[in-house]
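Comments concern the structure below.
The values are calculated or read from the model by the stated rules, or taken from the named source; none is laboratory data. Owing to the predicted nature of the structure, the values given are computational and were not obtained by experimental measurement. Heads up, the Cβs are rebuilt from the backbone with ideal geometry, glycines too, and the neighbour counts pull from every protein chain shown. Quick note on the areas: whole protein, heavy atoms, side chains included, nothing else; ligands and nucleic acids left out. Shrake-Rupley method; radii C 1.70, N 1.55, O 1.52, S 1.80 Å.
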Amino acid sequence: MQLPSICRRSSFWLVAFLFWGTVLWILSDGPLPGPEGPSLYGFDKILHFGYFFGGAGLLSAALFLRAGTNPNWPALIVLVILMISSVGLLDEWHQSWSPERSGNDAGDWLADAYGALAGALAFRRMHWVLG
């Protein structure tokens, strides 16, 4: 599988990650979008996990390409988890100040952190796509 050459640049993935963060900030700034649907217990945790899984993949790609041919995988994965989990904390704090939102939910933050872990590990297995 051959990706376009721009996808082999760290800056491409960094811009994508910054876009991801901007969308997160906008989504956290207002009421929950969309009409009320069926209430599924824990569904919001799945959404948190999935969104932060994606963010971890974007950040992992940027850091992997920046590191060069022989990255220190344990350090890269830990850095991604710490950074994405910190974004999750900031998101929870931001939601606590947004009208019609609740924030500082430890369960949401744990879902964010687990998404970061899973996203970083999944990227580790799939990094060859960018090579």
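Just a few scattered comments:
- Which listed residue, of HIS127, HIS94, is open to solvent by less than 20 Å² (accessible area, probe 1.4 Å), over 13 Å from the mean Cα position of the chain (by Cα) and not acidic (Asp, Glu): HIS94
- Given (1) surrounded by 14 or more Cβ atoms within 10 Å (Cβ to Cβ); (2) at pLDDT 95 or above, number of the condition ASP108 does not satisfy: (2)
- Test: residue in the range 21-30 that is open to solvent by 30 Å² or more (accessible area, probe 1.4 Å), among the hydroxyl-bearing types (Ser, Thr, Tyr) and within 22 Å of ARG124 (Cβ to Cβ): no
- Single residue of the range 83-116 satisfying the filter (free of Cβ contacts under 8 Å to residues at least 24 places away in the same chain and charged (D, E, K, R)) that is farthest from ILE26 (Cα to Cα): ASP105
- Qualifying residues in the range 90-105 (those that are out of contact with any Asp or Glu (no Cβ under 7 Å at 6 or more places or on another chain) and among the polar types (S, T, N, Q)) - the one modelled with the lowest pLDDT: SER102
- When restricted to residues that are open to solvent by less than 30 Å² (accessible area, probe 1.4 Å), at pLDDT 95 or above and not hydrophobic (A, V, I, L, M, F, W, C), the range 55-89 contains 5.
- Evaluating LEU3 against the criteria (1) in a helix (DSSP H, G or I); (2) touching a residue at least 12 places away in the same chain (Cβ under 8 Å) leaves one unmet condition, (1).
- Of all residues in the range 56-74, those being among the small types (Gly, Ala, Ser) and closer than 14 Å to LEU121 by Cβ number 4.
- ALA113 vs. criteria closer than 27 Å to SER5 by Cα, small (Gly, Ala, Ser) and within 18 Å of the chain's Cα centre (by Cα): no
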